[in-house]
1. Taking the DSSP beta bridges in the protein assembly as shown as the whole, what percent of them are antiparallel, to the nearest 5?
2. Please report, in whole Å³, the volume per residue of the convex hull around the C-alpha atoms of the range B:36-126.
3. Just counting partner chain Cβ atoms within 10 Å, what average do the residues of peptide A:72-82 show around their Cβ?
4. For the range A:188-267, what's the radius of gyration and Dmax over Cα atoms, in angstrom?
5. Connecting C-alpha atoms closer than 10 Å in a GNM of chain A, tell me which of A:LEU273, A:LEU253, A:LEU47 has the biggest fluctuation.
6. What longest range of chain B stays clear of loop-exposed trypsin sites (Lys or Arg not before Pro) (DSSP non-H/G/I/E/B, at most 11 other C-beta within 10 angstrom)?
7. Hey, with R₀ at 25 Å, roughly what FRET efficiency would A:ARG285 and A:PHE311 work out to, going by the Cβ-Cβ distance, to 0.05?
8. Viscosity 1.306 mPa s, temperature 10 °C: give me the Stokes-Einstein translational D for the protein assembly as shown in µm²/s, with Rh taken as the Kirkwood radius over C-alpha pairs.
Amino acid sequence: MEILTKVHAKHLVDWGRRHPEAYVLSADLTASCEADSFRDAYPDRFLSMGIAEQNMIAFAGGMARQGFIPLIHTFAVFIYRRALDQIAMSVAYPNLPVKMFGFLPGILTPGGVTHQAIEDIAVMRALPNMTVLEPGDATEVESALDVAFETPGPVYVRQLRGEVSRLFDKNEPLRLGKPRKLSSGEDIVLLTSGICTEEGIRAASALLDKGVRITHYHISTLKPFRHPEIVEDIANSRYGAITLENHSVVGGLGSAIAELMAEAGAGKPLRRLGLQDTFAHGASRRYLMREYGLDAKALIAAVENVTGERFAIDEASLAETYTPTLHSDAKPEAL
Amino acid sequence: MNHLERVAFGIRRRALAHTLSRNGGYLSQACSSAEIFAALYGRVLRLKKLDRPLAAGRFTGTPSHGRPTVTGADFNGAGDPSCDNFILSPAQYALVLYAALIEAGRMDEASMEAYDIDGSSVEIIGAEHSPGMEVTTGSLGQGISQASGIAMARKIRGETGRVVLMMSDGECQSGEFWEAVQAACYHRLGNMIAYVDMNGYQCDGKMTSVMNLEPFDKRLKAFGARVRRVDGHNLKRLTRLGRAPSADVPTFILCDTDPCRGMNILTERFPKFHYVRFTSPEEKAKYQKFYDTMSEVL
């Protein structure tokens with residue numbers, strides 16, 4: 001599997017060259033949010049706003065009214081928690097094209113409770129006019145900016161930084177509202193997002209070897225969220241649906257699919273994996289994924305629970321044998 | 001070295017030790033604020049005496065219904081009406097706080113073996129379960145508001161203990177900070193005293209290149225606060241101001257400091273001091289060598 005670094009930083013500079021109306025606004029986390037290359041390339045289009053997010057967001061609203069495209073860069077948690085009323089009144093209500101890039105979502109940061117955005121999707125999804133995206137690999141990190149730009153109105157992107165795996169063909173970018181079907185099977189429908197998709201791929205491959213056939217969707221658009229085809233797959237599945245997300249189980253991917261299932265009357269069980277309505281704490285990503293059940297192992301345990309079987313899949317083989325290779329939604333069998 | 005100078009030296013040395021052991025840390029914050037913490041824990045804070053240094057435990061869960069709350073306030077011996085509260089506003093200074101607690105004999109040295117280890121309460125950026133942390137801060141600008149609320153409550157109850165706040169200069173860029181100053185002056189919270197580490201740098205670099213705060217003392221005075229501006233490495237001044245009688249408005253002690261103080265080696269990183277991560281074995285070896293010379297001094 002290919003691992004890339006500073007994917008957003010490079011794309012932002014390249015994209016910025018073609019979009020002179022785009023300005024980057026930063027709240028003292030410029031290099032931490034991969035906006036330093038843009039700042040160095042186009043210093044006149046970089047606005048340092050200090051540690052003052054409420055002002056930054058409403059200020060961006062003002063610029064957007066004048067025809068500019070403000071690209072907010074800071075940690076995910078500092079966007080929606082620190083400036084929610086400003087987002088709602090100065091950006092979402094007037095439906096302005098402010099594009100917000102929130103980095104280190106969920107338990108990706110060791111910074112503890114103050115730094116962990118665990119309910120950002122829930123909050124942003126509830127705002128009218130808001131579009132919510134969550135890239136899951138390097139290809140999607142590269143294309144999220146283009147989608148955000150082409151989508152009218154405000155967009156919130158739960159962005160990945162640093163080292164990012166490439167799971168999807170680089171010629172198959174993120175498309176608004178389009179899930180990726182990574183595998184097909186009649187037993188269970190699995191929905192994953194963000195960093196959890198890699199875990200889902202690992203678990204689904206290992207389970208396939210044990211005879212459990214899973215339809216696996218990767219979701220990168222959390223809002224809008226309209227998927228009759230997924231609900232139909234769930235209705236037709238043997239055991240129902242499982243969701244896995246780097247977010248609270250309240251208000252995120254699990255809730256979004258629950259809403260669709262309920263509206264369609266898809267009478268199947270749904271299990272939501274993610275942070276079980278709890279805050280987290282400061283520790284490494286791998287440790288927190290294990291502690292809060294966000295990894296392949298937790299997914300396998302959930303499948304064992306719904307099927308009533310035990311598969312004896314050991315951890316070492318999960319890591320070695322089932323690390324995903326390059327693949328695309330056109331070739332689900334290659335997984 | 002006199003006692004407080006030794007404490008300040010010890011804070012820098014311990015911060016460097018753990019930056020080395022974890023290959024990263026908030027080191028320049030220890031350099032700029034070592035004297036502030038030494039003065040606070042050495043002479044300024046009126047804290048309950050502890051029989052012996054406490055041990056930091058594992059992380060046992062976030063505050064929740066039906067779960068006993070583990071609080072870092074125990075290390076400050078909080079709870080007595082005549083004792084001070086100590087609120088650390090920038091939780092990024094947690095390593096400095098831990099080092100100060102050891103130097104003050106309030107936390108045992110062995111607890112630092114768990115620093116930045118998965119499952120430990122001794123986190124890089126602490127929360128209220130971490131040693132010495134009385135409230136959860138670090139979403140910058142919120143410390144002073146919480147401290148003001150505590151000061152208000154203590155004023156209403158007529159307690160003699162004060163609320164002593166340690167702040168960074170960067171966080172004073174936030175709107176909430178100014179809302180808090182406005183409210184604390186309006187409600188005449190003379191029982192609150194804030195030490196601000198004015199090291200002049202933030203994550204992106206020199207503060208004046210990110211967002212200007214000056215003339216900070218004049219701005220604060222215009223809001224109605226009592227303001228003192230001092231050399232933040234002058235232990236005598238820091239101590240004397242912290243022991244002076246309260247006014248009927250909050251007091252801000254603006255401490256002008258140097259983010260490389262006592263660790264000249266850091267100047268090579270200009271203008272980015274916010275977080276030190278060694279990028280090569282050579283660089284780390286250089287800091288290790290510096291650490292060895294520091295240890296010889298003791």
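Values quoted throughout were computed directly from the atomic coordinates according to the rules given, and no laboratory measurement underlies them. Quick caveat: nothing in here was measured; it's all calculated off a predicted structure. Cβ coordinates were reconstructed from backbone atoms using ideal geometry, including for glycine residues, and neighbour counts include every protein chain displayed.
1. Working: 12 of 74 bridges.
If we restrict to bridges inside the protein assembly as shown, about 15 percent are antiparallel.
2. Working: hull volume 9.8 nm³, N = 91.
Spelled out: Cα convex hull of the range B:36-126, divided by residues, is 108 Å³.
3. On the way: counts 0, 0, 0, 0, 0, 1, 2, 0, 0, 1, 7.
Mean partner shielding for this stretch: 1.
4. Values for the range A:188-267 (Cα only, Rg and Dmax): 12.2, 35 Å.
5. A:LEU47
6. Working: sites that count: B:LYS49, B:ARG157.
The reported range is B:158-298.
7. Numbers: r = 25 Å, r/R0 = 1.01.
The value I calculate is 0.50.
8. Working: Rh = 25.9 Å.
D, rounded to a whole number, is 61 µm²/s.
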